Amino acid sequence: MGFEGLAPRMVRKESILMRKFRVFVSALVLSVLMSMSAFAGTEIGLNLDWKYAANSKINTGKAILFTSDAANKKGITVAVNAGHGTKGGSSVKTLCHPDGSKKLTGGSTAAGATTATAVSGGMQFADGTSEAKVTLEVAKALGQKLLAEGYDVLMIRDGADVQLDNIARTVIANNKADCHIAIHFDSTNKDKGAFFISVPDGLKTMEPVSAYWQKHEKLGQSLIAGLKENGTKIYSSGNMDIDLTQTAYSTVPSVDIELGDKATDHSEANVDKLAGGLALGVDKYYGFK
């Protein structure tokens with residue numbers, strides 16, 4: 001066979017390879033676009049005209065609202081707040097309570113103080129991993145599960161840093177979500193188990209707490225029930241009274257959930273397990289489970 005017969009074959013082979021390459025590139029581009037679409041969200045900033053917004057000091061960041069495309073849409077937006085993760089937050093102070101009254105219980109801020117750290121830096125796990133990193137991992141896993149279940153999700157912090165203090169985070173949740181779940185781990189080193197921060201009796205007569213504390217408690221109890229059912233260790237009765245900035249400003253059902261402490265397993269598998277328990281707790285709160 002001469003070169004005359006070989007050339008057309010080479011051209012045909014090259015043509016087939018080019019078509020395959022174009023198909024591959026098209027599929028890759030489509031995959032990227034679909035991925036971007038799946039994770040696309042709407043930025044939500046703090047409106048300083050919202051109630052209590054003027055008390056915030058760090059408020060230039062954006063939360064991200066993700067809308068579920070599940071068939072069984074719930075029509076409910078859950079604010080998922082990954083604790084910590086605000087650069088410079090530990091050097092700024094904000095009012096503990098909207099009315100400027102004194103903090104009732106101790107903790108990171110002493111009882112009797114009128115101001116608290118805007119956003120603390122959080123602790124480090126036994127292996128040196130930051131609490132902020134793990135709370136974000138749990139928040140993202142929870143967000144994905146909620147979206148799949150038909151909830152819309154307001155991610156208060158969707159990356160390593162968001163310039164929103166605890167008041168700004170709470171006020172955004174108040175105005176753009178139906179409930180607010182802040183994710184944390186305790187600073188002890190005992191693998192003590194999960195619990196939620198309940199409202200001290202002395203705070204229950206102060207607005208807006210007086211109108212919402214029972215809803216906060218019900219949400220916290222539901223989350224603990226979901227975690228327990230999912231096999232998560234629970235600390236004591238599952239709650240601890242602490243005067244928090246978050247609940248002092250909340251006008252939607254709102255809870256800080258402590259998923260363990262420095263000694264708690266924060267592997268990918270356990271992060272997914274914790275997120276599953278929280279998602280089950282949300283279903284329980286809204287009567288779907």
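What follows draws every value from the coordinates through simple rules; no lab data is involved. The shown structure was predicted, so the numbers you read here are calculated from the model rather than taken from an experiment. Positions of Cβ are backbone-derived with ideal geometry, glycine not excepted, and every protein chain shown enters the neighbour counts.
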Cα-only Debye scattering, the chain: base-10 log of I(q)/I(0) at q = 0.07, 0.12, 0.16 Å⁻¹: -0.31, -0.73, -1.27
Mean-square fluctuation maximum in Gaussian network of the chain, Cα pairs under 10 Å, restricted to Asn81, Asn166, Asn230, hits Asn230
Tilt, helix 209-229 to longest principal axis of the chain (alpha-carbon atoms), in degrees rounded to tens, equals 50 degrees
Could you calculate the FRET efficiency of Asp69 with Ser267 from 1/(1 + (r/R0)^6), where r is the beta carbon distance between them and R0 is 35 Å, rounded to 0.05? 0.75
Measure nothing but the geometry: give the 0 to 90° angle between the long axis through the Cα atoms of 131-148 and the longest principal axis through the Cα atoms of the chain, rounded to 10°. 70 degrees
Could you tell me how many degrees, from 0 to 90 and to the nearest 10, lie between the Cα long axis of helix 166-176 and the main elongation axis, the longest principal axis, of the Cα atoms of the chain? 70 degrees
How far, in nm, would the chain grow between Ala126 and Lys204 when pulled straight, counting 0.36 nm per residue and subtracting the alpha carbon separation? 24.5 nm
Let a ≥ b ≥ c be the square roots of the eigenvalues of the Cα gyration tensor of segment 136-186; is it rounded (a/c under 1.5), or, if not, prolate (a/b larger than b/c) or oblate? oblate
How compact is segment 36-188 by the rule of thumb for globular proteins, expressed as Cα Rg over 2.2 N^0.38 Å? 1.06
Find, to one decimal place in angstroms, the Kirkwood hydrodynamic radius of segment 171-289, where the mean of 1/r is taken over every pair of different Cα atoms and then inverted. 14.3 Å
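Could you work out how much longer the chain between Asn189 and Ala54 gets when fully extended? Use 0.36 nm per residue separation minus the Cα distance between them, nm to one decimal.
44.9 nm
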Segment 43-97-segment 260-289 distance, computed between alpha-carbon centres (Å): 21 Å
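Please compute the length gained on full extension between Ser91 and Asp161, using 0.36 nm multiplied by the number of residues separating them and subtracting their Cα-Cα distance. Each step should come with its number before you reach the end.
On the way: separation 70, 0.36 × 70 = 25.20 nm, distance 1.53 nm.
Working it through step by step, the gained length comes to 23.7 nm.
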In percent, how large is the relative contact order of the chain, given Cα pairs closer than 8 Å and 6 or more residues apart? 21 percent
